[in-house]
1. In region 70-114, what count of residues is obtained for those that are in contact with a Cys (Cβ under 6 Å, 6 or more places away or on another chain) and either of a type in the set (Gly, Ala, Ser) or part of a strand (DSSP E or B) (or both)?
2. Can you tell me which of 118, 152 is free of Cβ contacts under 8 Å to residues at least 24 places away in the same chain, farther than 27 Å from residue 202 by Cβ and in contact with a Leu (Cβ under 7 Å, 6 or more places away or on another chain)?
3. Provide a single number: the residues in region 173-199 that are touching a residue at least 12 places away in the same chain (Cβ under 8 Å) and out of contact with any Ser or Thr (no Cβ under 8 Å at 6 or more places or on another chain).
4. With the condition kept exactly as written, say whether any residue in region 24-35 is part of a loop (DSSP other than H, G, I, E, B), without any contact (Cβ under 8 Å) to a residue 60 or more places away in the chain and small (Gly, Ala, Ser).
5. Can you find, within region 74-125, the residue that is surrounded by the fewest Cβ atoms within 10 Å (Cβ to Cβ) among those that are over 16 Å from the mean Cα position of the chain (by Cα) and among the polar types (S, T, N, Q)?
6. Would you check which residues across region 197-212 are among the aliphatic types (A, V, I, L, M) and either part of a loop (DSSP other than H, G, I, E, B) or surrounded by 13 or more Cβ atoms within 10 Å (Cβ to Cβ) (or both) and list them?
Amino acid sequence: MLKLMNAQGDLKTYIPRAENVLDQAYRRVVKKEEVPAKDKIFSIFEEHTDIIVKGFRDVVFGHKVRLTTGQSCLMLQLEILDGNPKDSTLVEDILKDHTDVFGSAPEQAAFDGCFASHANRDLLKEAGVKELTFSKNLSMSLDSLVSSARIHKKLLRFRAGVEGCISFLKRVFSFNRVLDRSKESFKAALHLGAVAYNITLLARYNLAREAT
C-alpha cells in the first residue's frame, strides 16, 4: 500500500511536467513558436532549474549565483537568482544590499567585465565608491574609475584572486554540483555551504594567528 501511495505521488508530480515538455516541444517544433523561458521546463526531476547561457561558452543548467566578497575573502553576500539575468542589471541590487548591511557603499570595488557599463559606473560613483574597476572597462577611461593606474592593477589582482575563492567553494563545498531536488533545498545547500566556507576561513585565520 505504501509503495502504491509513493507511486501515485510520483505520477501526480511527473505527469504534468511531462505534459509541459510535450507542449513546449510541439509549440517550438511544429508551430514554430518562440516559447518564452517562463513557459519552459528543462528538467522533469528538478522543475526549478534554469538554462544559463554564458556568452559563446557551453549552455549549462542550474541557477546563476551572485557572490560578493571582500579583502578577507569571506562571503559577504550570496543570492541564488531566478532565470538568467544579465550581470550588468545586478549592480544596483549589489550596491543596495551592501549598503543595507554595512551602512555605506564600499570605498573600493572590483567587478567582472560583464558588469561593466557607463550607467553602472555612474551609479557606483554617485553612491560613494571612490575606486572602481571592471575586468573589462569597455570604453571607459581609467581616470573616470580610479585615481591611479596602480590602484587599477591592485583591484584587478583582487578580482583575479576571487576566482580562487570560487574554486574553493566548488571543490570543497560542492557548489559545482548541487543534488538537492527542490528550489528551497537547493538554496539551503548553498547558504549552508557559504557558512561552512566562512567558518573554515575564520578557523584558519585563528590557527595562523596562534602559530605566530
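We did not get these values from a lab; they are worked out from the coordinates using the rules stated. Keep in mind that what you see is a predicted model, and the values were worked out from it rather than measured. Note that each Cβ is placed from the backbone with ideal geometry, even for glycine, and that neighbours are counted across all protein chains shown.
1. Of region 70-114, the ones in contact with a Cys (Cβ under 6 Å, 6 or more places away or on another chain) are 73, 87.
Filter again for either of a type in the set (Gly, Ala, Ser) or part of a strand (DSSP E or B) (or both), leaving none.
Within region 70-114, residues that are in contact with a Cys (Cβ under 6 Å, 6 or more places away or on another chain) and either of a type in the set (Gly, Ala, Ser) or part of a strand (DSSP E or B) (or both) number 0.
2. Values: 118 fails: in contact with a Leu (Cβ under 7 Å, 6 or more places away or on another chain).
After applying the criteria, what remains is 152.
3. So in region 173-199, the residues touching a residue at least 12 places away in the same chain (Cβ under 8 Å) come out as 173-175, 178, 181-183, 186-187, 189-191, 193-194, 196-198.
Then keep just the ones that are out of contact with any Ser or Thr (no Cβ under 8 Å at 6 or more places or on another chain); that gives 173-175, 178, 181-183, 186-187, 190-191, 194, 196-198.
Of the residues in that region, 15 qualify.
4. Within region 24-35, the subset part of a loop (DSSP other than H, G, I, E, B) is 31-35.
Subset that is without any contact (Cβ under 8 Å) to a residue 60 or more places away in the chain: 31-35.
Narrowing further to those that are small (Gly, Ala, Ser): none.
There is no residue in region 24-35 that is part of a loop (DSSP other than H, G, I, E, B), without any contact (Cβ under 8 Å) to a residue 60 or more places away in the chain and small (Gly, Ala, Ser).
5. Per the criteria, the residue is 104.
6. Within region 197-212, the subset among the aliphatic types (A, V, I, L, M) is 199, 201-203, 207-208, 211.
Correct list: 201 only.
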